[in-house]
Amino acid sequence: MTDTHLETAVAQVNAAIAAKRQPVVRTFFDEATFTATHVVHDPETKHAAVIDSVLDFDQPSGRTTHDSADAVIAYVRAEGLTVDWLLETHAHADHLSDAPYIQQELGGTLVIGSEIRTVQDVFAKVFNEPESFVHDGSQFDRLMHDGERFSLGGIDAVALHVPGHTPACLAYVIGDAVFVGDTLFMPDYGTARADFPGGDARTLFRSIRRLMQLPDATRVFLCHDYKAPGRDDYVWETTIGAEKSGNVHVHDGVTEDEFVAMREARDATLGMPRLILPSIQVNIRAGHFPEPEANGVSYLKLPLNLL
Ligand SMILES: [Fe+2]
């Protein structure tokens, strides 16, 4: 079966490399949540995207601050960039998105995968969300589907649907770079878990193998790094070639059944992410807090004995 959307992405990467029209990527790493926020821009037109921003959250006090986002905003202003896009690779379970604050300061269209509606359905049940919480993705400005094309100034881009970690995961291929969200991690660390509600290890394997059909020289930017055993530094950039030859979970030659057995066994040993309950409630609202109660304060819920 031909995969025309993948072919579009392959052609785009090859054209970007041949024309030397490659986006500049500056990454801001949040050690509290091990999250990499990428600012991607076209050096000729200075049009930019901010991918997977972080709202700083102190769980004991329930207090939020914008230190991480302010560093991104300062960089964007210093470089004279125009932010066209605020791209979310998925509804994160380990950090809160700060896209609304960055949008307020810098503008841009807030995007997530169209399957976010499925994620909203699942978690609206978990959190017994009120009827005022709609499940149609309308909290975001634009929902992208597999193969949807967009641009960053003069650089072509295309979204690829890569479900498995969550049903709504998108990878954004921008010029010769792919922002893979939580599908692949660094080759020495492996892959993301697939045991959240709506996740599936077999689906994740197929999404990863699809990404691995991009050219070997494709630059790969990750959403997270946790330092692999024996490595002292955080790293968030690799290549498709390096993932294919060296990813400890899913290098060339690993079969689907082998991957699924490994992934499911490993996931069974993992506890829930520290910030999953607050993160999901905010991120399915595109980074907004739940409606304030009569006293003007927004509250987050803790479902007991459910997850
Ligand atoms: Fe994630």
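Since every read-out is calculated from the coordinates, none of them should be taken as a lab result. All of these numbers come straight from a predicted model, not from anything done at the bench. FYI the Cβ positions are ideal-geometry reconstructions off the backbone, even for glycines, and counts take in every protein chain you see.
Residues with amide H under 5 Å of Asp225's amide H, sequence separation 5 or more or different chain, H placed in the peptide plane at 1.01 Å from N; which?
Ala36
Restricting the count to DSSP beta bridges whose residues both fall in the chain, what percent are antiparallel, rounded to a multiple of 5?
That works out to approximately 70 percent antiparallel.
Compute and list, largest first, the equivalent-ellipsoid semi-axes of the stretch 127-189 from the alpha carbon gyration tensor, each √(5λ) rounded to a whole angstrom.
One finds semi-axes of 26, 19, 9 Å for the stretch 127-189.
Based on Cβ point charges of +1 for Lys and Arg and -1 for Asp and Glu, what charge dipole magnitude is obtained for the stretch 1-137 about its Cα centre, in debye rounded to the nearest 20? Before the final figure, lay out the partial values.
On the way: 8 positive and 22 negative charges, 87 e Å.
With only Lys, Arg, Asp and Glu charged at Cβ, the dipole is about 420 debye.
Can you compute the charge dipole magnitude of the stretch 2-62 about its Cα centre, using +1 on each Lys and Arg Cβ and -1 on each Asp and Glu Cβ, nothing else charged? Give it in debye, rounded to the nearest 20.
With only Lys, Arg, Asp and Glu charged at Cβ, the dipole is about 400 debye.
Counting just the Cα atoms, what span does the chain cover along each of its three principal axes? Round to the nearest Å and put the largest first.
The Cα atoms of the chain stretch 59, 48, 41 Å along the principal axes, largest first.
With runs of 4+ DSSP H residues as the only contributors, calculate the mean residue ellipticity of the chain at 222 nm using -39,500 (n - 2.57) per run, divided by the residue total and rounded to the nearest 500. Walk me through the intermediate numbers first.
Details: 8 runs with 85 residues, N = 307.
The helix contribution divided over the chain gives -8500 deg cm²/dmol.
How big is the charge dipole of the chain about its Cα centre, in debye rounded to the nearest 20, if each Lys and Arg gets +1 on its Cβ and each Asp and Glu gets -1 on its Cβ?
Dipole about the Cα centre, nearest 20: 180 debye.
Over the alpha-carbon set of the stretch 14-160, divide Rg by the Kirkwood Rh and report the Rg/Rh ratio to two decimals.
Using only Cα positions, Rg/Rh for the stretch 14-160 is 0.99.
Where in the stretch 217-273 are there chymotrypsin sites (Phe, Trp or Tyr not before Pro) that are in a DSSP coil and have at most 13 other Cβ atoms within 10 angstrom of their Cβ? If you can, show how the numbers build up before the last one.
Values: sites: Phe221, Tyr226, Tyr234, Trp236, Phe259; in loops: Tyr226, Tyr234, Trp236.
Answer in residue order: Tyr226.
Excluding the sites themselves, what is the longest stretch of the chain that contains no GluC sites (Glu not before Pro) in a DSSP loop with at most 13 other C-beta atoms within 10 Å?
The answer is 132-292.
Mind checking which lysines have their C-alpha under 21 Å from Lys125, skipping anything on the same chain fewer than 8 residues away?
Partners within reach: Lys301.
Among Ala124, Leu110, Leu81, pick out the residue whose Cα is farthest towards the positive end of the charge dipole of the stretch 1-134, where Lys and Arg carry +1 and Asp and Glu carry -1 on C-beta, about the Cα centre.
Ranked along the dipole, the leading option is Leu81.
Can you list the lysines whose alpha carbon is less than 29 Å from that of Lys46, not counting same-chain residues fewer than 8 positions off?
Lys46 reaches Lys20.
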